[in-house]
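Peer 1: I have a structure I would like to understand better, so I am pasting it below and will then ask my questions one at a time.
The values are calculated or read from the model by the stated rules, or taken from the named source; none is laboratory data. Model, not experiment: these values are computed from the prediction. Note that each Cβ is placed from the backbone with ideal geometry, even for glycine, and that neighbours are counted across all protein chains shown. To get the accessible areas, we keep the full protein, side chains included, count just its heavy atoms, and leave off ligands, DNA and RNA. Shrake-Rupley method; radii C 1.70, N 1.55, O 1.52, S 1.80 Å.
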Amino acid sequence: YDIVYESETFEVQIPVKYTPDFVLEYPDGSTKIIECKGYFDDNDRKKILRFREQYPEIDFLIVFQRDNPVRSSSKTFRYSDWCTKHNIRYSIASIPEDFLNG
């Protein structure tokens, strides 16, 4: 596969656009996206949800630097919990081999 950094931009809702960190383009024509996040604010979460709603056919992974709380006021609801709630694949600090090769 070829990994291309921020090579594509997707309309997610006018006027918002989303440019993923990495787009993996496979010889069979399939595409996978990897989004790397340190801080994951409310605007990021909304944009990711819009993208997933509009492009469900694209394999998508968020890689978080750490599994931080979604809000500072919430000590128990973390980035991983948010992803699980919205059925979005994620990992902490690394990219799973099965995502790259699967």
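Peer 1: Mind checking whether some residue in region 64-79 is touching a Lys or Arg at 6+ places or on another chain (Cβ under 9 Å), under 19 Å from Ser7 (Cβ atoms) and of a type outside the set (A, V, I, L, M)?
Peer 2: No; the residues of region 64-79 include none that is touching a Lys or Arg at 6+ places or on another chain (Cβ under 9 Å), under 19 Å from Ser7 (Cβ atoms) and of a type outside the set (A, V, I, L, M).
Peer 1: Which ones in region 9-20 are modelled with pLDDT under 90, surrounded by 13 or more Cβ atoms within 10 Å (Cβ to Cβ) and in contact with a strand residue (DSSP E or B) (Cβ under 8 Å, 6 or more places away or on another chain)?
Peer 2: Answer for region 9-20, where residues must be modelled with pLDDT under 90, surrounded by 13 or more Cβ atoms within 10 Å (Cβ to Cβ) and in contact with a strand residue (DSSP E or B) (Cβ under 8 Å, 6 or more places away or on another chain): Phe10, Glu11, Val12, Tyr18.
Peer 1: It is to be established whether one or more residues within region 69-87 are open to solvent by less than 50 Å² (accessible area, probe 1.4 Å) and of a type in the set (S, T, N, Q).
Peer 2: Taking every residue of region 69-87 in turn, at least one turns out to be open to solvent by less than 50 Å² (accessible area, probe 1.4 Å) and of a type in the set (S, T, N, Q).
Peer 1: Out of the residues in region 88-102 that are closer than 13 Å to Glu35 by Cβ and of a type in the set (A, V, I, L, M), which is most open to solvent (accessible area, probe 1.4 Å)?
Peer 2: Ile95
Peer 1: Also: Is it true that Val23 is aliphatic (A, V, I, L, M), over 21 Å from Ser7 (Cα atoms) and surrounded by 14 or more Cβ atoms within 10 Å (Cβ to Cβ)?
Peer 2: No; evaluated as a whole, the condition is false for this residue.
Peer 1: Report the residue count in region 26-57 for those that are within 22 Å of Ser7 (Cβ to Cβ) and either open to solvent by less than 20 Å² (accessible area, probe 1.4 Å) or among the hydroxyl-bearing types (Ser, Thr, Tyr) (or both).
Peer 2: Residues in region 26-57 being within 22 Å of Ser7 (Cβ to Cβ) and either open to solvent by less than 20 Å² (accessible area, probe 1.4 Å) or among the hydroxyl-bearing types (Ser, Thr, Tyr) (or both): 10 in total.
Peer 1: A further question follows. What number of residues in region 10-30 are within 24 Å of Trp82 (Cβ to Cβ) and either touching a residue at least 40 places away in the same chain (Cβ under 8 Å) or not basic (Lys, Arg) (or both)?
Peer 2: Count: 12.
Peer 1: Restricting to region 83-102, and then to whatever is in a helix (DSSP H, G or I) and over 12 Å from the mean Cα position of the chain (by Cα), can you tell me which residue is modelled with the lowest pLDDT?
Peer 2: Across region 83-102, the extreme among qualifying residues is Asn101.
Peer 1: So in region 1-60, with the set limited to residues that are in contact with a Ser or Thr (Cβ under 6 Å, 6 or more places away or on another chain) and outside any strand (DSSP E or B), which one is nearest to Arg89 (Cα to Cα)?
Peer 2: Checking each candidate, the answer is Ile58.
Peer 1: Now for a different question. Looking at (1) within 11 Å of the chain's Cα centre (by Cα); (2) outside any strand (DSSP E or B); (3) touching a residue at least 12 places away in the same chain (Cβ under 8 Å), which is the one condition that is false for Arg66?
Peer 2: (1)
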